[in-house]
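The values are calculated or read from the model by the stated rules, or taken from the named source; none is laboratory data. Keep in mind that this is a model prediction, so the values were computed, not measured. Note that we place each Cβ from the backbone using ideal geometry, even for glycine, and neighbour counts take in every protein chain shown.
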Amino acid sequence: MSGILAQMRGDDDQRATGSQSGEAHLRSILATIPDAMVVIDERGIILSFSAAAEKMFGYREAEVLGENVSMLMPSPDRERHDGYLANYRRTGERKIIGIGRVTNARRRDGNTFPIELSVGEARIGEKRIFTGFVHDITERQEAEAQLKDLQSELAHVGRVSEMATLASSLAHELNQPLTAVTTYCQSIQRLAQADAVSDSRELIAEAAEEAAKEALRAGEIVRRLREFFGRGTSERQVEELPRLIAEANALALVGSRELGIDVQLVLDPEAQCVLADRVQVQQVLINLIRNAMDAMLGADERLLAISTSLGPPGLVTVTVQDTGSGISEAVADRLFQPFVSSKPTGMGIGLSICRTIIEAHGGRIWCEPAAEGGTIFRFTLPRVEDSDG
Amino acid sequence: MNWKTIRLELAATEAFPKGSVGRGFLIRAPIDPSGNIDEQSLRSTPERAKVRRIWPNEPDESGQLVRVNGHWALRFRGKPDRLIAVDAQLQSGDEIVLTSEGQQSPFTVRIFD
């Protein structure tokens, strides 16, 4: 804390003397704040590290003073943080200050955990400092995430039953023109077999015309149905893929402290923007990450690797790989169908939702066994070329 | 055998007189109670012995802990091996030296369960 206090005092000794009681007051606040507090300068250098931060991250303040704050972040934020600061200095555009966000942090032992980060900015003379409040949301996130799971499952069950109703009315609607087509065809057949075909020629032509009309009607019903399904409520916009993934990863990392899962994010800087409904795609990612975590429960090594890459043309591929038990061949082929599960407690609808979502985005989702054991899930999303990098 | 995380943090050098806890390596390895890396355990599942290099402003690099000519070494694809010069028992707080292409760098050992 001494670092930040010195910084706050600046070189003005007179002001320093005058602020001694304020300093004591500040010290007492900082020592008791339950959230971890980290103060950095404009270049990201740590000036102060509260007692709660020491406990949360496993470093003593003396060890981290003078270090770049990015050391508390996992990749890709770590290597990008200097860029974030530079961007803010250049443009003044606030992406986190006063807004806050859910992201991941990394402890000294290498484990990552989900946090809610709020950042404030202060000017001290010519200098600018940033104060970050770090709140560990591992626990709180659990209840919220469970709720979200439940909601999505219910929504899907709702969709399934809605589809069952639709399917029966569709069958009924299609049945009429198809029955008519059959009847007309039978008539044509009968007339064609008659002795005096020439007399029946007009009738045959008429029946054939009717049959064609009914077939077109059936086609129209199918077309209307397609329109109905196509008119989704999805809200797709240009989204930054790294941020979308980092957030989903933080949301999914519930209880990972106990599981000791090592998460590795390798994000291709070229695969930056996608056209997507953020919430839906995060739902897919959370589903895949949770599945991966479940699959690694009994594994010796628990490494979750999430990566992005450019391609196929016009698309971006997102990969979620685990070192878990893998998927049995019996289930693998039908994995994305509703009500197929490899888990004893699974409802087997998670991956079918994933497929529905990804295909509605114009992408594809599939899985394959990893060479070193475990499973690799991949999905594609439409890429948007960067406008400004 | 108990697999643990060994964290190596850059110790005091000319460029970093007080060392740098933000620069280092995370190594997963089987360690016996006296601090020896268990070669036999590691041989049965060598792919578990992952190494990650953590450095400011650089993406994580993933590698393996391997045995080279009787020494432990950190191996990253496309880079020369970093030999762990001291083959003694590892304990939290110890200082070890990594040698790569003749260049030596000191690191402080931290061990986590």
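For the reader, a short list of remarks on this structure follows.
- Qualifying residues in the range A:311-336 (those that are more than 21 Å from the chain's Cα centre (by Cα) and polar (S, T, N, Q)) - the one modelled with the highest pLDDT: A:SER325
- Selection over the range B:8-41 of residues that are within 11 Å of chain A (Cβ to nearest Cβ) and either closer than 29 Å to A:LEU65 by Cα or among the polar types (S, T, N, Q) (or both) gives a count of 16.
- Candidates A:VAL274, A:VAL266, A:VAL238, A:VAL254 - the one that is under 30 Å from A:ARG108 (Cα atoms) and at pLDDT 85 or above: A:VAL266
Residue-by-condition table, conditions (1) of a type in the set (Asp, Glu); (2) within 14 Å of chain B (Cβ to nearest Cβ); (3) part of a strand (DSSP E or B); (4) within 24 Å of the chain's Cα centre (by Cα):
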residue: A:ALA105; (1), (2), (3), (4): no, yes, yes, yes
residue: A:ARG108; (1), (2), (3), (4): no, yes, no, no
residue: A:PRO114; (1), (2), (3), (4): no, no, yes, yes
residue: A:VAL119; (1), (2), (3), (4): no, no, yes, yes
residue: A:ALA122; (1), (2), (3), (4): no, no, yes, no
residue: A:VAL134; (1), (2), (3), (4): no, no, yes, yes
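- B:LEU90 vs. criteria away from every other protein chain (no Cβ under 11 Å), part of a strand (DSSP E or B) and under 25 Å from A:ARG60 (Cβ atoms): no
- Options A:GLY298, A:GLY219: the member that is assigned to a helix (DSSP H, G or I) and either surrounded by fewer than 17 Cβ atoms within 10 Å (Cβ to Cβ) or modelled with pLDDT of 85 or more (or both): A:GLY219
- Matching residues in the range A:36-57 - criterion: being assigned to a loop (DSSP other than H, G, I, E, B) and crowded, with 18+ Cβ neighbours inside 10 Å: A:GLY44, A:SER50
Listed here are the residues, each with its yes/no results for (1) under 29 Å from the mean Cα position of the chain (by Cα); (2) at the interface with chain B (Cβ under 10 Å from one of its Cβ atoms).
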residue	(1), (2)
A:ALA51	no, no
A:SER70	yes, yes
A:SER75	yes, yes
A:GLY83	yes, yes
A:ILE97	yes, no
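- The range B:57-76, subset among the polar types (S, T, N, Q) and within 14 Å of chain A (Cβ to nearest Cβ), residue surrounded by the fewest Cβ atoms within 10 Å (Cβ to Cβ): B:ASN57
- Residue-level analysis places B:ILE111 among those that are at the interface with another protein chain (Cβ under 10 Å from one of its Cβ atoms), not in a loop (DSSP other than H, G, I, E, B) and not aromatic (Phe, Trp, Tyr).
- Each residue in the range B:32-51 was checked for being surrounded by fewer than 22 Cβ atoms within 10 Å (Cβ to Cβ) and assigned to a strand (DSSP E or B), and 1 of them qualify.
- A count restricted to the range B:42-56 and to residues that are under 17 Å from the mean Cα position of the chain (by Cα), at pLDDT below 90 and within 11 Å of chain A (Cβ to nearest Cβ) stands at 5.
- Residue match in the range A:103-116 (condition: surrounded by fewer than 18 Cβ atoms within 10 Å (Cβ to Cβ), free of Cβ contacts under 8 Å to residues at least 60 places away in the same chain and either among the basic types (Lys, Arg) or touching a helix residue (DSSP H, G or I) at 6+ places or on another chain (Cβ under 7 Å) (or both)): yes
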